[in-house]
1. Looking at the square roots a ≥ b ≥ c of the eigenvalues of the Cα gyration tensor of segment 22-117, which shape do they give, rounded for a/c under 1.5, prolate if a/b is larger than b/c, or oblate?
2. Mind checking the full-extension length gain between K120 and E71? Use 0.36 nm per residue of separation minus the Cα-Cα distance, one decimal, nm.
3. Explain nothing, just the number: relative contact order of segment 22-117, from Cα pairs under 8 Å at least 6 residues apart, as a whole percent.
4. Measure up K39/K61; K25/K66; K25/K104; K35/K66 against 19 Å on the Cα-Cα distance and list the ones that go over.
Amino acid sequence: MRKLLVCLVFISLVAGCSQPSELHKSMETMGDAFKAMRKEPSLEMFSKELPAFTEALSIAKAQAVKPEHQERFDEGMKEIETVLTSFQIAVSTGDLEQATDALKKLGDTRKKFHEELGVK
């Protein structure tokens with residue numbers, strides 16, 4: 001009986017740990033939207049994917065990370081927001097070239113902070 005109880009506790013702990021965090025889910029959503037926009041760089045695709053990216057960013061920036069990384073994480077979120085604003089303006093004004101440039105900068109910013117924070 002005791003072994004069964006230990007096994008059940010272990011299984012429940014493993015199952016609980018396998019649930020992705022809100023941060024992970026929001027980053028996945030942002031990544032999916034970014035990949036879709038990069039794969040098909042058009043104003044239509046940008047307009048389609050922007051709401052998901054923006055909503056996921058709002059969720060991500062509200063999350064806590066390791067205390068030693070929080071300040072840099074917050075700086076990264078602010079930098080992403082700044083680039084995203086330029087991207088949104090370019091999309092709303094129909095400037096595909098500017099939007100594509102901003103999308104590239106968005107990717108560069110993402111990569112920079114992922115490397116600094118050790119995100120794979």
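Just so it is clear, none of the values below were taken in a lab; they were calculated from the coordinates. Quick caveat: nothing in here was measured; it's all calculated off a predicted structure.
1. prolate
2. Stretched out fully, the K120 to E71 stretch lengthens by 15.7 nm.
3. Taking the mean separation of contacting Cα pairs over the length of segment 22-117, I get 28 percent.
4. On the way: K39/K61 25 Å; K25/K66 17 Å; K25/K104 22 Å; K35/K66 27 Å.
Result: K39/K61; K25/K104; K35/K66 exceed 19 Å.
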